[in-house]
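**Student:** Would you mind keeping the following structure in view while I ask a few things?
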Amino acid sequence: MESKRNNLNLGLWLVVLSAVCWSLNSPLVKVLELNAFTLTGMRALIAGLALLPFLRVKRMNWNRFTFLMMLSYMVHCTLIVLALKTTSAPIAVAMQFTAPVWIYIWEHKKGEKLLFSCIWPLFVMLLGMAFFMFSKGTGVTMKGNLIAEVSSLSFAALTYFTKRAQTDNPLGLTSVSNLLTAAVMLLFFADAPVAAVTALHPLQLLVLLLLGVVQTGGGYAFYFVGLKHVEASTAAMLSPLEMVLGPLWVALFLHEYPDSIALAAFVFVIAGVLGEVYVAKKLQKKAAQAE
């Protein structure tokens, strides 16, 4: 029992660390003068190479969920960069963390009762999503908002399939996923990536390295290892810490602020996340008492 509790605590801290790493995405992506596909491909290449020493092919569990996880990873990485490039950073980050709504829908068993006491946080999150769509803040576009919302689906899929891939080598899986993403983006979508990267000045190259090694490589490595010890829904509830930190860095360093409607949406999404945590703890307590 003690070992199980320790593993759970380790998993929770790893998910929190992943959110801290991911929060660097918002300010760093905004300062790089690269198109979304080149940026996605280059940071994935750097992350994949950084984690390559951890690749143990024999410990990889190759099943349909592994391939679906890698596909959803590639789609999600591309969507979040596109969203950051086309709408306000706070909205781009916050939208993806409505993922618990989709995870709940996918994991809901047929015939299982829908109890309002359990699902009210999801309704609160949905209200937040609706508010975001009407935001008129600096840099906000409807196209970007829609891309950001689709990214919540891809993030939910990524979490769902990663948990079911059941790999014994999450760091290796992160490396392979990034290398696959880099190959597809740089070979088929990016426009003259070599010329674009060589045109960057040294400080921008350092930012690109940070994006690859820390934000992407570190962030997803912590997240996938954490998923070995916590439930997908729990991980999806904790990772919104990025939603608080990312916009904070953007406001501090890039002076981009959400408008009053976006702030109201934040309140709803954060309330929904806190509600999810409350409901999860309540259910865990009830399950423990039943044992």
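No lab work stands behind these numbers, since they all come straight from the coordinates. All figures in this text were calculated on a predicted structure; none of them were measured in a lab. With ideal geometry, Cβ positions are generated from the backbone for all residues, glycine too; neighbour counts draw on all protein chains shown.
**Student:** What pairs from Lys30/Lys58; Lys228/Lys285; Lys58/Lys85; Lys85/Lys228 go past 30 Å between their alpha carbons?
**Tutor:** Lys30/Lys58; Lys58/Lys85; Lys85/Lys228
**Student:** Subtracting the Cα-Cα distance from 0.36 nm times the residue separation, let me have the gained length for Leu206 to Phe253 in nm, one decimal.
**Tutor:** Numbers: separation 47, 0.36 × 47 = 16.92 nm, distance 1.68 nm.
Residue separation times 0.36 nm, minus the Cα-Cα distance, leaves 15.2 nm.
**Student:** Fewest first, what order do Met142, Met69 take by the number of other Cβ atoms within 10 Å?
**Tutor:** Met142, Met69
**Student:** How big is the Kirkwood radius of region 1-96, worked out from every pair of different alpha carbons and given in Å to one decimal? Mind dumping the intermediate values first?
**Tutor:** Numbers: mean 1/r = 0.0635 Å⁻¹.
One over the average 1/r among Cα pairs gives 15.7 Å for region 1-96.
**Student:** Helix by helix through the chain, keep the DSSP H runs that span 24 Å or more along the axis on Cα and average at least -1.0 on Kyte-Doolittle, and give those back in order.
**Tutor:** Passing helices, by number: 2-22, 64-86, 116-132, 142-165, 260-290.
**Student:** Extending each Cα 7 Å along its Cβ direction at Trp13 and Phe134, get the distance between those two points in nm, one decimal.
**Tutor:** Simple spin-label model gives 4.4 nm for this pair.
**Student:** Give the shape of region 19-58 as rounded, prolate or oblate, defined through the alpha-carbon gyration tensor: a ≥ b ≥ c are the square roots of its eigenvalues, a/c under 1.5 means rounded, and otherwise the shape is prolate if a/b is larger than b/c and oblate if not. If you can, show how the numbers build up before the last one.
**Tutor:** Values: a/c = 3.66, a/b = 1.73, b/c = 2.11.
Judged from the Cα gyration tensor, region 19-58 comes out oblate (a/c at least 1.5, b/c at or above a/b).
**Student:** Here's something else I'd like to know. If contacts are Cα pairs under 8 angstrom and at least 6 residues apart, what is the relative contact order of the chain in percent?
**Tutor:** Relative contact order of the chain: 42 percent.
**Student:** Could you tell me which chymotrypsin sites (Phe, Trp or Tyr not before Pro) in region 141-176 are loop residues by DSSP with no more than 13 other beta carbons within 10 angstrom of their beta carbon? Write out the running numbers ahead of the final one.
**Tutor:** Working: sites: Phe155, Tyr160, Phe161; in loops: none.
Taking region 141-176 and a limit of 13 other Cβ atoms within 10 Å, no loop chymotrypsin sites (Phe, Trp or Tyr not before Pro) are found.
**Student:** Based only on other Cβ atoms within 10 Å, what is the fewest-to-most ordering of Thr181, Thr138, Thr198?
**Tutor:** With the sparsest Cβ surroundings first, the list reads Thr198, Thr138, Thr181.
**Student:** Go ahead and run the numbers for FRET between Lys143 and Asp168, Cβ-Cβ distance against an R0 of 35 Å, rounding to 0.05.
**Tutor:** Working: r = 41 Å, r/R0 = 1.17.
The calculated FRET efficiency here is 0.30.
**Student:** While we're on this one: Which FRET efficiency value, to the nearest 0.05, do you get for Leu187 and Tyr278 by plugging their Cβ-Cβ distance into 1/(1 + (r/R0)^6) with R0 = 41 Å?
**Tutor:** 0.35
**Student:** Let me ask you something else. Have a look at the chain and give its Rg and Dmax from the Cα atoms, expressed in angstrom.
**Tutor:** 18.7, 62
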